[in-house]
Amino acid sequence: MDALDRKILTELQLDGRLTITELAARVKLSVSPCHRRLRDLEREGAIRGYRAIVDPAAIGLDFEALVFATLRWEDPDTVTAFEQAVTAIPNVTQAQRLFGEPDYLLRVATTDLTAFQQLYDQQLARLPGVQRLNSTLVMKSIIDSRPLPE
């Protein structure tokens with residue numbers, strides 16, 4: 001990946017709806033080479049997909065929490081079961097496995113505190129292998145969906 005590929009990625013992170021003509025102009029390439037590079041980036045997995053970034057408040061998800069999960073390390077199957085179960089919960093908008101303790105960080109979006117409490121009690125606390133959950137509420141998002149640096 002060279003500097004031109006990185007510029008293409010930066011421009012698309014800023015505006016994923018650019019036409020190939022607009023993208024080519026922004027990175028100072030003709031359309032054909034730009035299109036070829038774009039397809040290579042997609043094929044190689046540097047570009048994993050395209051989607052709209054939706055404001056959670058616009059769809060009634062005004063409440064956000066970070067949930068830290070610590071597992072009982074019984075066997076690798078527990079880890080797999082936990083990760084599969086987390087993937088099935090739509091309100092979990094991000095999940096990362098961490099080094100050290102806690103084992104996972106989950107970002108959760110709900111309509112309000114009551115909905116979060118129900119999700120916590122009925123789904124999160126019942127995830128396979130969970131030893132302990134700790135959560136904190138998000139007061140304000142400062143940086144959200146920032147493009148990756150070049």
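With all protein chains in place and a 1.4 Å probe, the accessible surface of the range 10-150 carries 51 percent carbon and sulfur.
Taking only C-alpha pairs under 8 Å that are 6+ residues apart, what is the relative contact order of the range 40-116 in percent? Please list the in-between numbers first.
Values: 82 pairs, mean separation 28.8, N = 77.
Relative contact order of the range 40-116: 37 percent.
What accessible area per residue, rounded to a whole number of Å², is obtained for the range 1-44 using a probe radius of 1.4 Å?
Working: 2890 Å² over 44 residues.
With all protein chains present, the range 1-44 gives 66 Å² per residue.
Using a cut-off of 11 Å between beta-carbons, work out the net charge of the residues near LEU18 (Lys and Arg +1, Asp and Glu -1, LEU18 not included). Don't skip to the answer; put the middle values down first.
Details: positive: ARG17, ARG26; negative: GLU11, ASP15, GLU22.
Result for the neighbourhood of LEU18: -1.
For LEU148, the accessible area of its heavy atoms, probed at 1.4 Å with every protein chain present, is near 120 square angstrom.
A protection proxy built from the mean count of other Cβ atoms within 10 Å ranks the segments 133-140, 116-123, most packed first, as 116-123, 133-140.
Size of the range 1-105: Rg and Dmax of its alpha carbons, in Å, are 19.4, 56.
Put a plus charge on the Cβ of each Lys and Arg, a minus charge on the Cβ of each Asp and Glu, and nothing anywhere else: the dipole of the range 1-127 about its Cα centre is then about 740 debye.
With point charges of +1 on the Cβ of Lys and Arg and -1 on the Cβ of Asp and Glu, referenced to the Cα centre of the chain, which listed residue (SER32, GLN96, ALA46) lies farthest in the positive direction of the dipole? Looking along the dipole axis, the top candidate is SER32.
Residues with beta-carbon under 12 Å from that of LEU113, excluding LEU113: net charge, scoring Lys, Arg +1 and Asp, Glu -1? Could the numbers behind the result be given before it?
Working: positive: none; negative: ASP62, GLU64, ASP112.
In short, -3.
Using a 1.4 angstrom probe, figure out how much accessible area the range 59-117 has per residue, in square angstrom, rounded to the nearest whole.
On the way: 3440 Å² over 59 residues.
Per-residue value: 58 Å².
If I take every Cα pair under 8 Å that is 6 or more residues apart in the chain, average their sequence separation and divide by the length, what percent do I get for the relative contact order?
Numbers: 164 pairs, mean separation 42.4, N = 150.
For the chain, the relative contact order is 28 percent.
The values are calculated or read from the model by the stated rules, or taken from the named source; none is laboratory data. It should be emphasised that the depicted structure is a prediction, and the values quoted were computed from it without experimental measurement. Counting neighbours? That spans all protein chains shown, and the Cβs are built from the backbone with ideal geometry, glycine included. These accessible areas exclude ligands, DNA and RNA; they are computed on the full protein's heavy atoms, side chains included. Shrake-Rupley method; radii C 1.70, N 1.55, O 1.52, S 1.80 Å.
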